[in-house]
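The values are calculated or read from the model by the stated rules, or taken from the named source; none is laboratory data. The model shown is predicted, which means the values in this text are computed figures rather than measured ones. Positions of Cβ are backbone-derived with ideal geometry, glycine not excepted, and every protein chain shown enters the neighbour counts.
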């Protein structure tokens, strides 16, 4: 075997490579700066190489992405750098395509040391869009804060990167390749994941309901990573009609649309669900396949309600036939899950936003189901949120209970109460101004608790900090919380997933225990709470915004 030429390239460090809640996300233009992508890859490899238990040197790594613009170039760069840095084997989906949930599963199935996933999730794609890099550990989980911070510190001082000189590799079909000492295994990106799903849910029951016409699904892949998975799982294995599988061809720019599931971004799905003879269940996933939007005939199911209902109904699916050991939610997610956990007499954990915070709880066997208000739900089968899995859970539940989505929700609310919930996003804020807004609110916390506001009183005002019950690590400054005597709650938090300025997210919830008042419109039910959010924090005055850019 001929020796592979390896070059050591001098480089200049960048100061903007701190990963957010799910990896490093920047505009494509930022990633195309000379050395930017290579620096970050080298920072990951160098950081992991400092510990024999995390090093990728001589070990197997899973590689894939959501197919967005710049993926092809990044795949080739990483493979050349993996060869130059001693990685033993790379397992990649053909074309470098692999949904984030499928990548997590492959890490666990293959006993890999970790994964590199090229995705900016639900952010827009194309040359003018965004690109991202995230890396997972040997459990298939997003790298913890201790690692991502170490990578950032390494990126600030990096002076060179190592890369092999080789022609571009053909990644288009399943086969094995060699690049020096590196072995590259190209696989069908769908098959292993589809087999896993079939082992967790009652495919035979769902298939029978499809065949009888009792159950019909419409799924929108939004030209993202879940398209091939939807065709195989929903189409080939369950019998969903091809015309009910929307936008399943993967595109680099997601069809010039935003791959973030919501009523405004999935208009055809919403139109079909509104038809008198429309599908029984509608669903959509995002760019890399980790998010899910569930839609019934009456509209979108709140992710908070979806998580709570799945917990309450878990024994109806084979995966959870023996029940749940515990559940968890991100702090901004409503308290709907808490009441279900109390009724089931199981623990419920409240974590910061970011899927990595659930993973210690999963690994320690404390929880089996977890979720976030941002359309993320998953179980103990992998260590990522999982869009297709959540849709299958709903399909299995509808097939078992033989009730429409609206009746299941009404039944759930009667039993556990309803939490009216919404989120207001103020996007593209000047970063310094947004940080000053949170600091000013933080400084006022001592004077807020006990304050009267009309007919209600502020019962608490604090900033959420989390101590991991497994390893004792502490994460501070995770969002400002304000609670009221009527049970309402407001959370103010800066998001870590955007690439343009800062995003302030304001989460608003109010419980309703009266069944006669549980069928209302969330915007109307929360109108007073929305007013309180501005009164307490001065959003209009301090940020100059009269209304949010997005309401979810």
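Remarks
- Selection of first residues in segment 7-19 that are touching a residue at least 24 places away in the same chain (Cβ under 8 Å) and of second residues that are outside any loop (DSSP other than H, G, I, E, B) and surrounded by fewer than 16 Cβ atoms within 10 Å (Cβ to Cβ), restricted to Cβ pairs under 8 Å at least 6 apart or on distinct chains, gives the following pairs, ordered by first then second residue: 8/160; 9/160; 10/160; 11/160; 18/149.
- Residues (touching a strand residue (DSSP E or B) at 6+ places or on another chain (Cβ under 8 Å) and over 14 Å from residue 136 (Cβ atoms)) located in segment 63-77: 66, 67, 68, 69, 70, 71, 72, 74, 75, 77
- Only helices (runs of 4 or more DSSP H) whose full extent lies in segment 297-363 are considered here, and the ones with at least 1 residues that are in contact with a strand residue (DSSP E or B) (Cβ under 6 Å, 6 or more places away or on another chain) and more than 29 Å from residue 205 (Cβ to Cβ) are 336-344, 356-363.
- Identity of the residue in segment 382-428, part of a loop (DSSP other than H, G, I, E, B) and surrounded by 20 or more Cβ atoms within 10 Å (Cβ to Cβ), that ends up nearest to the chain's Cα centre (by Cα): 385
- Test: residue 117 is farther than 26 Å from residue 376 by Cα and either touching a helix residue (DSSP H, G or I) at 6+ places or on another chain (Cβ under 9 Å) or outside the structural domain of residue 249 (by TED's automatic domain parsing) (or both): no
- Residue match in segment 120-135 (condition: in contact with a strand residue (DSSP E or B) (Cβ under 7 Å, 6 or more places away or on another chain), over 23 Å from residue 26 (Cβ atoms) and crowded, with 20+ Cβ neighbours inside 10 Å): no
- Criterion: within 28 Å of the chain's Cα centre (by Cα) and either buried (at least 17 other Cβ atoms within 10 Å of the Cβ) or within 24 Å of residue 453 (Cα to Cα) (or both) - qualifying residue of 524, 493: 493
- When the strands (runs of 3 or more DSSP E) confined to segment 174-288 are screened for residues that are closer than 20 Å to residue 400 by Cβ and either over 26 Å from the mean Cα position of the chain (by Cα) or in contact (Cβ under 8 Å) with a residue 12 or more places away in the chain (or both), those reaching at least 1 such residues are found at 217-220, 281-284.
- Segment 529-552, residues that are assigned to a helix (DSSP H, G or I) and free of Cβ contacts under 8 Å to residues at least 24 places away in the same chain: 531, 534, 540, 541
- Any hit, segment 492-501, residues being assigned by TED's automatic domain parsing to the domain that holds residue 453, at pLDDT below 90 and in contact with a helix residue (DSSP H, G or I) (Cβ under 8 Å, 6 or more places away or on another chain): yes
- Criterion applied to 315, 297 was being over 24 Å from residue 193 (Cβ atoms), modelled with pLDDT under 95 and surrounded by fewer than 21 Cβ atoms within 10 Å (Cβ to Cβ), and the one residue passing it is 297.
- Qualifying residue in segment 444-458 (condition: loosely packed, with under 15 Cβ neighbours inside 10 Å, over 22 Å from the mean Cα position of the chain (by Cα) and in a helix (DSSP H, G or I)): yes
- Residues satisfying the stated conditions in segment 461-484, i.e. in a strand (DSSP E or B), surrounded by fewer than 15 Cβ atoms within 10 Å (Cβ to Cβ) and touching a residue at least 24 places away in the same chain (Cβ under 8 Å): none
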